[in-house]
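Data block below; observations after.
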Amino acid sequence: MEREAVREDAGPAGGDRPLRYWRLRAGLTQRELAARSGVTPETVCRLEQGARPGTLRTWHRLSRVLGVDPERITEFRRWLERELKKVGAD
């Protein structure tokens with residue numbers, strides 16, 4: 001599988017696809033990230049596309065492999081905000 005390059009103008013937030021940004025910055029394919037984090041390649045793909053929110057455990061696994069604080073991945077932040085709203089926390 002050919003590796004994609006990280007665009008030089010892509011900032012740390014990664015626009016609307018920050019997981020993809022951090023994966024590419026780490027030089028990993030979706031399959032490699034999945035294998036190292038113990039999730040399926042389909043999970044990585046769906047998270048990158050925003051097709052699923054993911055679980056707290058999944059985000060921690062991915063962030064650990066990527067060497068990134070999970071809060072720097074905006075999908076995680078959005079997920080956390082939704083979860084906090086569910087339980088009524090501010």
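Over the alpha carbons of the stretch 18-87, what is the largest minus smallest coordinate on each principal axis, giving the biggest first in Å?
Computed over the Cα atoms, the extents are 36, 21, 18 Å.
What does the charge add up to near Ala34, with Lys and Arg as +1, Asp and Glu as -1, over the other residues with Cβ less than 12 Å from its Cβ?
Net charge around Ala34: +2.
Relative to the present Cα-Cα distance, how much length would full extension add between Leu84 and Glu42 at 0.36 nm per residue of separation?
The span from Leu84 to Glu42 would gain 12.5 nm if fully extended.
Please give the peptides 17-30, 45-58 ranked by average Cβ packing (other Cβ atoms within 10 Å per residue), highest first, as a rough proxy for protection.
Ranking, from highest mean packing down: 17-30, 45-58.
In a shell of Cβ-Cβ distance under 12 Å around Arg64, excluding Arg64 itself, what net charge do Lys and Arg (+1) and Asp and Glu (-1) give? Please list the in-between numbers first.
On the way: positive: Arg36, Arg57, Arg61; negative: Asp69.
Net charge around Arg64: +2.
Quick one: plug the Kirkwood hydrodynamic radius of the stretch 34-75 (C-alpha pairs) into Stokes-Einstein at 37 °C, 0.692 mPa s, and report D in µm²/s. Present the calculation step by step, with values, prior to reporting the outcome.
Numbers: Rh = 10.2 Å.
Value of D from the Cα-based Kirkwood radius: 322 µm²/s.
Return the sequence-ordered ³J(HN,Hα) values of the stretch 50-56 in whole Hz as given by the Karplus equation 6.51 cos²θ - 1.76 cosθ + 1.60 applied to θ = phi - 60°, using x for Gly and Pro.
x, 7, 8, x, x, 9, 4
A short reminder: the numbers here are calculations on the coordinates, not readings from a lab. The model shown is predicted, which means the values in this text are computed figures rather than measured ones. Heads up, the Cβs are rebuilt from the backbone with ideal geometry, glycines too, and the neighbour counts pull from every protein chain shown.
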